[in-house]
1. Looking at the stretch 85-93, is at least one residue surrounded by 20 or more Cβ atoms within 10 Å (Cβ to Cβ), modelled with pLDDT of 95 or more and away from the ligand (no atom under 16 Å from the Cβ)?
2. Are any residues in the stretch 285-330 under 23 Å from Ser394 (Cα atoms), hydrophobic (A, V, I, L, M, F, W, C) and in a loop (DSSP other than H, G, I, E, B), and if so, which ones?
3. I'd like to verify a number: residues in the stretch 140-174 that are polar (S, T, N, Q) and under 19 Å from Leu249 (Cα atoms), how many?
4. From Ile345, Ile367, Ile282, which residue is more than 16 Å from the ligand (Cβ to nearest atom), buried (at least 16 other Cβ atoms within 10 Å of the Cβ), at pLDDT 95 or above and not in a loop (DSSP other than H, G, I, E, B)?
5. May I ask you to list the residues in the stretch 212-242 that are among the aliphatic types (A, V, I, L, M), surrounded by 22 or more Cβ atoms within 10 Å (Cβ to Cβ) and within 16 Å of the ligand (Cβ to nearest atom)?
6. Sort out which residues of the stretch 396-414 are more than 16 Å from Phe35 (Cα to Cα), within 12 Å of the ligand (Cβ to nearest atom) and not charged (D, E, K, R), and write them in order of number.
7. Filter the stretch 370-395 down to residues that are within 16 Å of the ligand (Cβ to nearest atom), aliphatic (A, V, I, L, M) and part of a helix (DSSP H, G or I), then give me how many there are.
8. Just to check your reading of the model, which residue among His193, His172 is in contact with a Lys or Arg (Cβ under 8 Å, 6 or more places away or on another chain) and either at pLDDT 95 or above or within 16 Å of the ligand (Cβ to nearest atom) (or both)?
Amino acid sequence: MEIPADFWLGAATAAYQIEGGAKEGGRGTSIWDVFSHQPGTTDRGDTGDVACDHYHRYESDIALMKDLGLDAYRFSISWPRLFPNGSGRINTDGVDFYRRILEGLQEASIRPVVTLYHWDLPQKLQDNGGWMNRDTAFRFAEYADAVFHRLGESVQLFITLNEPWCSSVLGHVTGEHAPGVQDYSSALAASHHLLLAHGTAVQAFRESGLDNAKIGLTNVLTQVRPASQTADDTSAAVKADVLLNRWFLNPVLRGNYPDLLHQLGIHQVTRQGDTDIISLPIDFLGVNYYHSVFVRNDPDNPLTGFAMFESGDERTDMGWGVDAKGLYEVITRVAADYGPLPIYITENGAAFEDHLNAGVIDDPKRIAYIRSHLAEVLHARADGVDVRGYFVWSLMDNFEWAKGYSKRFGLYYVDYETQERFPKASANWYRDVITTRHLK
Ligand code: FCB
């Protein structure tokens, strides 16, 4: 299968997952610093204090990207590295750090794709309610504006938020992620304020006059299928689709919340004019895709009324079912329901157990996963979906949130004792795909 010359092949990371240097260069504390240091929140008590030490090793990491031949690299900026207190005084050391990364990428001819918020909210803002507080949206717009003005010149794509679904649901309903809140009405408030933050940042971007870059939002999308064709299961699947996908698609791309969100009480936090801001036109949609689910009606579930099961026979190390077709379906459906609009697959990849044997890591399952998913993306493109790029999650093994360092997603294996990086077989395979622009 040929890969069109203008289709970007990239890899992705996020600040808290790779940088470390948690107390260096004037960086403030984020909610993930606080959360991961609380006992029982992450596997083996892992934290991002050191992570992959990318803060000190960014130059050699860019050399790895160059060696792979990446067309583009997606990374995130740590808000507390720029604004240690969340707002107010800007930390110029932080700005300089990202400027050096951008310069390094430019020298390596790799297009920078910058996520403004990949979950590391400054703790100072959390102390005032974090995303549950409407004010945070406006602090985000100030931070975004500073990034546009100080670092925007060479950036190709800006992503306002990474997966606001996760920030809302994992951060405020299940409490598996920072800030560890377990309260469903707080999650509704957080979700709305996150979307408002997105919209106000888009507004700031348009006013910044940056014309080299484009701006969008990244949602995690999960393909939903009813477990059976009974009316109960099909309507449960429709509901699950709203709660997993449309909650964060409709307000941005249609200017309104799905009815179910009104029934759940979203109007308690919305104000007149908010949806006009949230639905300001974006240039592209980022899609993160990992798996799909089957949904069965389940009256015993008091919160949602349904139960979800992984689909596919094979499972990754995260316990997620492997379903490449689901990626084709999800982007085809988004294009049909919300398009036309350019799409980038901003994350896709898999954790599998890796073993380092004399410097060699054989990871055929990861290769098979990436190959099958990338093939479906190219199919969708051939069938008319305007999908413009694909980013492997992740460039290297890193801090997988509540799972700590136990789950490895990287193309590069990281030996956390020595911080040495080793290309897995998947890295060599991906390099070959990028060089030949051919998917075998
Ligand atoms: C996504 C996150 C990313 C990574 C992958 C496995 O939800 O955006 O940071 O943890 O999952």
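1. Let us first name the residues in the stretch 85-93 that are surrounded by 20 or more Cβ atoms within 10 Å (Cβ to Cβ), namely 86.
Add one more test, that the residue is modelled with pLDDT of 95 or more, and what stays is 86.
In the following step, the residues that additionally are away from the ligand (no atom under 16 Å from the Cβ) were identified as 86.
Taking every residue of the stretch 85-93 in turn, at least one turns out to be surrounded by 20 or more Cβ atoms within 10 Å (Cβ to Cβ), modelled with pLDDT of 95 or more and away from the ligand (no atom under 16 Å from the Cβ).
2. Met318, Trp320, Val322
3. Filtering the stretch 140-174 down to residues polar (S, T, N, Q) leaves 154, 156, 160, 162, 167-168, 174.
Next, only the ones that are under 19 Å from Leu249 (Cα atoms) stay: 160, 162, 167-168.
Adding up the residues that qualify gives 4.
4. Details: Ile345 fails: more than 16 Å from the ligand (Cβ to nearest atom); Ile282 fails: not in a loop (DSSP other than H, G, I, E, B).
Only one candidate qualifies: Ile367.
5. Within the stretch 212-242, Leu217, Leu221 meet the criteria.
6. Step one: filter the stretch 396-414 for residues more than 16 Å from Phe35 (Cα to Cα), giving 396-398, 406-414.
Now restrict to residues that are within 12 Å of the ligand (Cβ to nearest atom): 397-398, 407-410.
Asn398, Phe409, Gly410 - these are the residues of the stretch 396-414 that are more than 16 Å from Phe35 (Cα to Cα), within 12 Å of the ligand (Cβ to nearest atom) and not charged (D, E, K, R).
7. The initial filter retains those residues of the stretch 370-395 that are within 16 Å of the ligand (Cβ to nearest atom), namely 370, 373, 390-395.
Narrowing further to those that are aliphatic (A, V, I, L, M): 370, 392, 395.
Right, trim to part of a helix (DSSP H, G or I) and you get 370.
The number of residues fulfilling the criteria is 1.
8. Values: His172 fails: in contact with a Lys or Arg (Cβ under 8 Å, 6 or more places away or on another chain).
That would be His193, the only listed residue that is in contact with a Lys or Arg (Cβ under 8 Å, 6 or more places away or on another chain) and either at pLDDT 95 or above or within 16 Å of the ligand (Cβ to nearest atom) (or both).
The values are calculated or read from the model by the stated rules, or taken from the named source; none is laboratory data. These numbers were taken from a predicted model, which means no experiment stands behind them. As a convention, Cβ positions derive from the backbone with ideal geometry for all residues, glycine included, and neighbour counts pool all protein chains shown.
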